[in-house]
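**Q** I'd like to ask you about the structure that follows.
The values are calculated or read from the model by the stated rules, or taken from the named source; none is laboratory data. A quick note: this is a predicted structure, and the numbers were derived from the prediction, not measured. With ideal geometry, Cβ positions are generated from the backbone for all residues, glycine too; neighbour counts draw on all protein chains shown. We work out accessible area using only protein heavy atoms, side chains counted, and drop any ligands, DNA or RNA first. Shrake-Rupley method; radii C 1.70, N 1.55, O 1.52, S 1.80 Å.
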Amino acid sequence: METDRPLRSVPDELQHPYSKFSDWKFKLFRVKSMEKAPLPSEGPPQAALSQPPGKAESEGAESEVGRAGSVMRLCLGGKSKEAVEGAGHRVDLKLLEMDIHMNHLRSLCRLCGLALAKAKGGPEHHVQGALDEASRMSLRRMGCKASSWPEVILKVFKVDVEGDLETVEPPLFCHRCWKAAIRGGGFCCFSKTRVLQWRPHSANCHLCHPKNSSLKRKGRKRCRSPRATPHLAKRVKVDPHAGAGRGHRPPRGEQAPGGRAWLKPGLQRALWVKNITRCKSEHLSPTLLLDRLPADFLRAVTCQVCDHLLADPVQSPCGHLFCRTCILKYGRALGPRCPACALPCPASELAPPAKAFMGILQGLVLRCPQRECGEGVRLDAYGAHCHAHGGDEDEGVGEGGGPPQGRGFDCYLPVNKGGRPRQHLLSLTRRAQKHRLKELKAQVKAFSEKEEGGDVKSVCLTMFLLALRAGNEHRQADELEATMQGRGFGLHPAVCLAIRVNTFLSCSQYHKMYRTVKATSGRQIFQPLHALRNAEKELLPGYHPFEWQPALKGVSSSTAVGIVDGLSGWTASVDDSATDTIARRFRYDVALASALRDLEEDIVEGLRDQGLEDCSCTGGFTVVIKESCDGMGDVSEKHGGGPALPEKAVRFSFTVMSVSVRAEGADEDVMVFQEPKPNSELSCRPLCLMFVDESDHETLTAILGPVVAERNAMKESRLILPVGGLPRSFRVQFRGTGYDEKMVRELEGLEASGSTYVCTLCDSTRAQASRNMVLHSITRSHEENTERYEVWRSNPYSESADELRDRVKGVSAKPFMETHPTMDALHCDIGNAAEFYKLFQDEIGEVHLRAGGVPGREERRSWRATLDKQLRKTMKLKPVMRMNGNYARRLMTREAAEAVCELVASEERREALRELMELYLQMKPVWRATCPARECPDQLCRYSFNSQRFAELLSSTFKHRYDGKITNYLHKTLAHVPEIIERDGSIGAWASEGNESGNKLFRRFRKMNARQSKSFELEDILKHHWLYTSKYLQRFMEAHKNSAKAMQATIDPVDNPDDESEMQLDPVDTLDF
C-alpha cells in the first residue's frame, strides 16, 4: 500500500500535514458531505455556493463570517457554537465522519494493521509511550538500552513513528508485534511482519468505506471491516424561507448514523470535538470556578475547541483563544481553520495572548477538587496546591469534573517539588549528573539533529547564554557570547592566525606575546602555536579533495599535495644543463581548487542573490583567472660589511576574477561572483616563488614549464569540487594579462624593448608608429608567434638575416606561455610618466629651438636637476632613481604641469604643454578604470577624439622629439586602447598592480621567516603569503576589528568613560610588538 505521506521533518507549526492537492480534495469532500439548513434571513443555498471562494475570503467578518450560510462556515467544519446550537441547524456530519474514522484507527494495530481484538494473548501498547518495566528489563537482558517504544520500533520494524498523527496512524500496536520486537531483542525482527503505509482520511477511505467483497470465491468466509461503517444520511431538502422552527430535527427515538442515540446538536458536536482532542484528563473544567462569572467572560477564558479552561493559551489571527494542544490537534484533523469563525488559522501564526489577559487568567479562583478541602486557589497555584495533598492521589476525579489527582497537571504542576530533598546538580558526581540529565540530554540531542545539524555544543551554550541573560548576569553572558563568536575573550584560532599573518609576527614573537598576555591577564586569550598550525591546514592547498574529468594529462591524480619544488615536473633533455636555483610552488590545479573553496561563501551568496536553485545550475560554472608574473628586483638582505650581492626573485601569481553559471534553458551566463578589488594584493594568490633573474630565459622557461603544462591540461578538463554541500562542475579560462612589456616579450619569444618592432600587439615598426600614431589594430597572437618562430628556426625560404627578421616581425625565441593580447595599465602609467618627465626636461632646455644638435649629458643633468628642484619646491615631490607608480601618479597632474610651465619661457609652449597634460588626464581614466563604461562613459566616448588631438600635438608642436620614433607604451595608449576595451570591457581590471604590490610583502615575510636554509625560508614565505590573501582570514579580520581593544582591556583594566567605547581600533595599530 503506497501513499504520499507528508514530510515529518518539519514541525506542525511550520507545515500542514497534508499536501496542497490533498487539502483541496479534503475541502471539496467536506463541502459535499455536509448537511445544513440555512436561517430564514439567508438567501438561497445556490447563491451562497456560487460565490467565488476568493471573494468570500476577502470580505470582512461582518459580511461573510457573520452570516450563518457563508461558504467559510461550510469549509473545514467552521461553525461557531451559537450557529450550531441555533434553531433550524443541523450538526456538522464531518465531525461524526472523523470521529468514526479515528475510532477505526484506535481498533487497529499501527504496524501490522490487524484488529486489536483478534491479537489475543496480552495487552496492546502505545506507540508513543515509554517502555513498561517488564519490556524494558527483557530488552535490557538482550543488550538493548532503549527507553521508549519509538526507538525500538525504528530499529526492529524500520519505521519512524515519532511523527505520527492521530488522524492518520493508529496510536496502538498489538501483542503480536510486541512479541516480535521482544524476540528480536530490540534490534531486528524474525517474523514476516509487513508494516502498512497509512493514508489520510478521504472520500474513498478503505476503513470507512471498505471494498465490495462479492467477487471473492464462494464457500470462503468473507472478510469484514473492523467495524460496521454506517452510511451517511442523504441531504435533506429544506425550504430556505421557512421559519426557524421548521428546520429538520431528528424524530424522538431515531438513532444517529453511528448506531447511537442522537443528543442535542451542541452537546453532540462538543462530544465529537473532545473525542478528537482527548484533553479531559489534562485540562480543567470551568465548573471548578469558585465564583459565578458572566457567560461572556466565561467564554473568553475557555477554549473554543474543548470548552475547558485555557491551558498554555494561544491566540489566532482572528482574535480567538485556544489551548495550544487542542488547536493543533483540531487543525490536523479538520484543517487549519478557526473553529469559531472558519477563517484561515495556520499553526505558524498562533501567538501568545497579551500579558494583561494572562494576568486575568492566572488570577481566576478555582475550587480545590478534594472533598475535604474545598479551598479557593488561584489558577497559577492550582497545580502546587493539588500536589500538596500528596496521599490522596487515588481518589479519582475531583469534585466538579476536575482531572484525576495523579496526572493531568502538566500545565500547572511545578517540576521536581516533591519527595525527599534532592542534592544540587553541581554537588553530584559526573555519573550521577549524567543519570539525572539523561532525558534532557536526549531531548537536546534530538533538537540539535533536527534544527542545528547535530551541533549539540552550540545549543547548550545558547541555552546557558539565555539563562545568564535572564538572571541579569550580562558581564558573564558577554564573555560567553564573545567566546561563541570567536572574538574577545578566547579568540578563535583563525583570528589569531589572521592577526599573526597581518602583523608579520615570527613564531618566537607570537609565542612571546601569547605567554605575556596569558601571564598578565590570567586568561588564554590568544591560542598556542599548535592550534594555529591546525587552523592553517584547512586554508592551504592540498586539504580539500577534488576531481578532474577527464583526468589531467601528465598530472598526478593525488589531491593532498602541498608545497613542491619549483622544478618538479620538468623533464630535462640531454643537452639541458642542470638549473642552479631555488624555487617553491603549489601545484596549479591544487591551488586553484583551494582558491575556489575559499570563495565558497561568496559563490553560494551569489547564487542566492540571483535566485538560482541547485537544480537549475546544471550547465556548470565558468571561472576566469588572471595570471601575473613579474620580477621583484633585488631582494637580498644586507648582512655584514662586504659588497652587496644582488639576489633577484620572480613571483608567478593568479587572481580569480569572476565566477559565472549558465542556468538551465538560459542563453547567457549569470555572474555569481566578481572580484571587487582585482588590483589589490589581497586578491592576488601566489603560485610560484623563485630566486632567478627575469632576464634568464632558460631558467625561467625551466621553472614555468610545468606550470604551463598543468595550465594547458586544465583547459581541456572540468573541475569537480564540492561547494555548498554539492559537487559542482567548473570550467577554467586563463588570461595572461598581468605582465609588463619586458615579461611579455620574454614569454612570447619577441625581441627586447629597444627593438625596431615597437609593439607586442601589432607588427608596426617604430618609424611606422611615429608616422601613423592612431590607426593600428591588434594582429599578434600566441599561435602566430609560434608559427613565426618555426619559420625563424627553419628558414624555409633561405632568406638573409634581415629578410628573415622582417618576415617573422621580431620573433627570435620560442614562445612557451600564452599571453592575452592587451596592455598593462600600471606599467603604461609608469612608461608614459617617464616619457613626460623627459619631455619636461626638453621644454626647460628649449630643445625645439636647436637646429639639429643633440644636447650633451651635462646639459640634460642640469635640466633634470632644475626640474627636480622645482617639483620638490612646489609639490614636495622628492626625486627618485627609477620611475615608480607613486611618483608617476603625482607627476601626471595639472599641478605638476603648472610647476613646469613656470620654467618655460614661451607662452605658446606653456599652452601646448597644458593642453597635452589635459588630454592625457582625460584619456587616463579609460584604461585605469575597472569598468570604464560605468565609471567614465564620457571620457570613453571622447577617447578617439582626444587621442587624435594628442597625436597631432606630438607630430607638430613636439615634432623634434617624435620625428621617426615613439615609445612603446605611448604607441599602445594612442592606437590600441579602444579596441581592447571593446573586446574585453576593461584594461585596468586586468593590470598587474596586485602582483607588483606583493613585492613589499615578500620582503616583510622574508624578514618574518628568516631561517638558515633559503629553501625552507621560501616555503614559509609562500605559505604565509597564501594565508595573507585568504578570503576566510580577511572576513575574520573584518569581523573582529575590536579584538585588540578587548585584549587591551583585559591586560590593563582601566575605568574608561562611556564615550571611549565608541572608538574603533585596528589590531595592527594597537598591538605594538
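**Q** Looking at THR503, THR559, THR579, which is the one that is of a type in the set (S, T, N, Q), modelled with pLDDT under 80, surrounded by 15 or more Cβ atoms within 10 Å (Cβ to Cβ) and within 23 Å of GLU1019 (Cα to Cα)?
**A** Going through THR503, THR559, THR579 in turn, just one is of a type in the set (S, T, N, Q), modelled with pLDDT under 80, surrounded by 15 or more Cβ atoms within 10 Å (Cβ to Cβ) and within 23 Å of GLU1019 (Cα to Cα): THR579.
**Q** Same structure again: Quick check: is even one residue across the range 832-841 open to solvent by 10 Å² or more (accessible area, probe 1.4 Å) and over 24 Å from ALA752 (Cβ atoms)?
**A** Within the range 832-841, one or more residues are open to solvent by 10 Å² or more (accessible area, probe 1.4 Å) and over 24 Å from ALA752 (Cβ atoms).
**Q** Could you grab me the full set of residues in the range 265-298 that are crowded, with 17+ Cβ neighbours inside 10 Å and either at pLDDT 85 or above or of a type in the set (A, V, I, L, M) (or both)?
**A** Once the filter is applied, which keeps residues that are crowded, with 17+ Cβ neighbours inside 10 Å and either at pLDDT 85 or above or of a type in the set (A, V, I, L, M) (or both), the range 265-298 yields ALA270, VAL273, ILE276, HIS283, LEU284, SER285, PRO286, LEU288, LEU289.
Residues are listed down the side, and each one gets a yes or a no for (1) in a loop (DSSP other than H, G, I, E, B); (2) more than 11 Å from ALA181 (Cβ to Cβ):
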residue: ALA119; (1), (2): yes, yes
residue: GLN128; (1), (2): yes, yes
residue: SER138; (1), (2): no, no
residue: CYS144; (1), (2): yes, no
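**Q** Given the structure, is GLU600 surrounded by 17 or more Cβ atoms within 10 Å (Cβ to Cβ), within 25 Å of the chain's Cα centre (by Cα) and among the charged types (D, E, K, R)?
**A** yes
**Q** Can you tell me which residue within the range 171-205, out of those that are without any contact (Cβ under 8 Å) to a residue 60 or more places away in the chain and outside any loop (DSSP other than H, G, I, E, B), is nearest to the chain's Cα centre (by Cα)?
**A** ALA181
**Q** Select from the range 962-978 the residues that are of a type in the set (D, E, K, R) and surrounded by fewer than 15 Cβ atoms within 10 Å (Cβ to Cβ) and list them in ascending order.
**A** We begin by selecting, within the range 962-978, every residue of a type in the set (D, E, K, R); these are 963, 965, 972.
Selection gives ASP963, LYS965.
**Q** Another question, then. Filter the range 792-815 for residues that are open to solvent by less than 40 Å² (accessible area, probe 1.4 Å) and not in a loop (DSSP other than H, G, I, E, B) and give the result.
**A** Within the range 792-815, LEU804, VAL808, VAL811 meet the criteria.
**Q** Would you be able to say whether some residue in the range 659-676 is under 30 Å from PHE1036 (Cα atoms), open to solvent by less than 10 Å² (accessible area, probe 1.4 Å) and either at pLDDT below 85 or of a type in the set (Ser, Thr, Tyr) (or both)?
**A** No; the residues of the range 659-676 include none that is under 30 Å from PHE1036 (Cα atoms), open to solvent by less than 10 Å² (accessible area, probe 1.4 Å) and either at pLDDT below 85 or of a type in the set (Ser, Thr, Tyr) (or both).
**Q** Related question: Are any residues in the range 721-738 closer than 28 Å to ARG651 by Cα and open to solvent by 20 Å² or more (accessible area, probe 1.4 Å), and if so, which ones?
**A** Correct list: ARG731, GLN733, PHE734, ARG735.
**Q** Please work out if THR866 is closer than 20 Å to ARG909 by Cβ, under 56 Å from the mean Cα position of the chain (by Cα) and either modelled with pLDDT of 90 or more or surrounded by 12 or more Cβ atoms within 10 Å (Cβ to Cβ) (or both).
**A** So THR866 fails the test.
**Q** For the subset of the range 695-742 comprising residues that are small (Gly, Ala, Ser) and touching a strand residue (DSSP E or B) at 6+ places or on another chain (Cβ under 6 Å), which member is farthest from GLU627 (Cα to Cα)?
**A** SER729
**Q** Another one. Which of the following residues is of a type in the set (Ser, Thr, Tyr), farther than 28 Å from GLY633 by Cβ and at pLDDT 90 or above: SER798, SER794?
**A** Exactly one of SER798, SER794 is of a type in the set (Ser, Thr, Tyr), farther than 28 Å from GLY633 by Cβ and at pLDDT 90 or above, namely SER794.
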